[in-house]
Amino acid sequence: MQVSIHNNYSTSFKATKIATTKNFAHGKTFIDIYKLSSEDKNFLEKLANKISIKDLCPTLSESIQARWQKVFNYCLQEAKETFSHSYIAISDNKPCGILTYLEKGNKNNFLSGVCAIPDANGNKTPLTGVTLLYQMFKDCTIKNAEKGITLEAIHNGPVDVVKKYEKLGFTKNSELKYYTVMSINKFKVQKALNNLQKQIEYIKDEQHSINLDLFLD
């Protein structure tokens, strides 16, 4: 949850394919989910230098463009950290989103960031962020994260993310100048996962050492 790639951009990286998903939010949309690894740092660094929200979404205000770019760059940076769990979403043979989180034992998981990547026309693939969160919810359920998930929802972004998280079952803990601290316990994680299963068809399809060069042409 379709990247503007210059013609002189060529790189390679390998990742593990986790699943293929399908939703019907706007017609039928397929999104594949890949888990990134430490081998993908070079790719993430190059990708960071190639994505310009300003160029992809020229009709947005400069402040929204800057905020979106900042979130995207932050996700890439966090994805390079050794202890991060990171996923990239692929749709129509292009990256369309990224999510990264930290696992703090079996007590709590911290969502570092999730960001949609717009296509060349400035459009987002339907339910990209929700699909990536679906994967995180599955991880937390399998690992039985006792205290669920916490996150910091930024203000003044391209969408009202606080409302989106509340819709999934997150509650507000505290509201600061630039973000709202939110959390969801393990019982609500399971409930959210059950609800998302009604919107998203998830087909586990784990493979190893997938070369994703073909998605960046």
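Here is how the numbers come out for the structure above:
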{"read-out": "Failed condition for Y134, given (1) modelled with pLDDT of 95 or more; (2) under 18 Å from I64 (Cα atoms)", "value": "(2)"}
{"read-out": "Residue identified as open to solvent by 70 Å² or more (accessible area, probe 1.4 Å) and either touching a Leu at 6+ places or on another chain (Cβ under 9 Å) or closer than 23 Å to E152 by Cβ (or both) among K104, K46, K41, K94", "value": "K104"}
{"read-out": "Positions within the stretch 185-217 being open to solvent by less than 70 Å² (accessible area, probe 1.4 Å), of a type in the set (V, I, T) and modelled with pLDDT of 90 or more, in sequence order", "value": "V189, I200"}
{"read-out": "Where A25 falls short, out of the listed (1) buried (at least 16 other Cβ atoms within 10 Å of the Cβ); (2) more than 17 Å from D139 (Cβ to Cβ); (3) aliphatic (A, V, I, L, M)", "value": "(1)"}
{"read-out": "Qualifying residue in the stretch 55-75 (condition: within 14 Å of the chain's Cα centre (by Cα), among the aliphatic types (A, V, I, L, M) and part of a helix (DSSP H, G or I))", "value": "yes"}
{"read-out": "Pair list, Cβ < 9 Å and 6+ apart or interchain, from the stretch 32-48 residues that are under 16 Å from Y74 (Cβ atoms) and modelled with pLDDT under 80 to residues that are among the basic types (K, R) and part of a helix (DSSP H, G or I)", "value": "none"}
{"read-out": "Among (1) open to solvent by less than 40 Å² (accessible area, probe 1.4 Å); (2) not in a strand (DSSP E or B) - the single one K163 does not satisfy", "value": "(1)"}
{"read-out": "The lone exception for K35 - which of (1) touching a His at 6+ places or on another chain (Cβ under 8 Å); (2) among the charged types (D, E, K, R); (3) over 23 Å from E206 (Cβ atoms) it fails", "value": "(3)"}
{"read-out": "Some residue of the stretch 88-110 being aromatic (F, W, Y) and part of a loop (DSSP other than H, G, I, E, B)", "value": "no"}
{"read-out": "Test for E146: is it open to solvent by 10 Å² or more (accessible area, probe 1.4 Å) and either assigned to a loop (DSSP other than H, G, I, E, B) or closer than 28 Å to A48 by Cβ (or both)", "value": "yes"}
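The values are calculated or read from the model by the stated rules, or taken from the named source; none is laboratory data. Everything quoted here is computed from the prediction, not taken from an experiment. Ideal geometry is used to build each Cβ from the backbone, glycine not excepted, and the neighbour counts take in all protein chains shown. Only protein heavy atoms, including side chains, enter the accessible area calculation; ligands, DNA and RNA are left aside. Shrake-Rupley method; radii C 1.70, N 1.55, O 1.52, S 1.80 Å.
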